[in-house]
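To start, the structure under review is shown below, and the notes come after it.
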Amino acid sequence: MVKIQPINNYVLIKLSKEAEEKTPAGIVIPDTAREKPKEGEVAGLAAGATDEIAVGDKVIYKDFSGTQITFEGEEYLLIPAGDILAKYAEVDSI
C-alpha cells in the first residue's frame, strides 16, 4: 500500500468534490469559470508541522496556496502549514 506522507511542515488537504453547477436556464458552468472552494479535509501532515490541526479536521486555507495533485483518483492540495487560516470546530453555542 502506498500513501502520501508530507514532509518539511507541509499539510496534505483532500479537496471536496464539487457537483456540476448549472444556471437556472440549464447552462453548465465549466470548472475553469467557477470559484474554487478554499477548504478541505486534512489527509496528512508532516511530523511537527503544527499542534493545532489533526488528520480529519476540516480547514480553510489561503487563496492560490500549494500544489494540486491527483493520487489514486482523488484530488489533493499540498500546502505549507502556515497557509492554513482556520479550522471548523464543534461548539455547543455561539
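Where a number appears in this text, it was derived from the coordinates with a stated rule and is not lab data. Remember, predicted model here, so these are calculated numbers, not experimental data.
Taking the Cα atoms of the range 45-94, report the difference between the largest and smallest coordinate on each principal axis, in whole Å and largest first.
38, 24, 22
Per 0.36 nm of contour for each residue apart, how much would the distance between Gln68 and Ile4 grow if the chain were fully extended, relative to their Cα-Cα spacing?
Here the answer is 21.7 nm.
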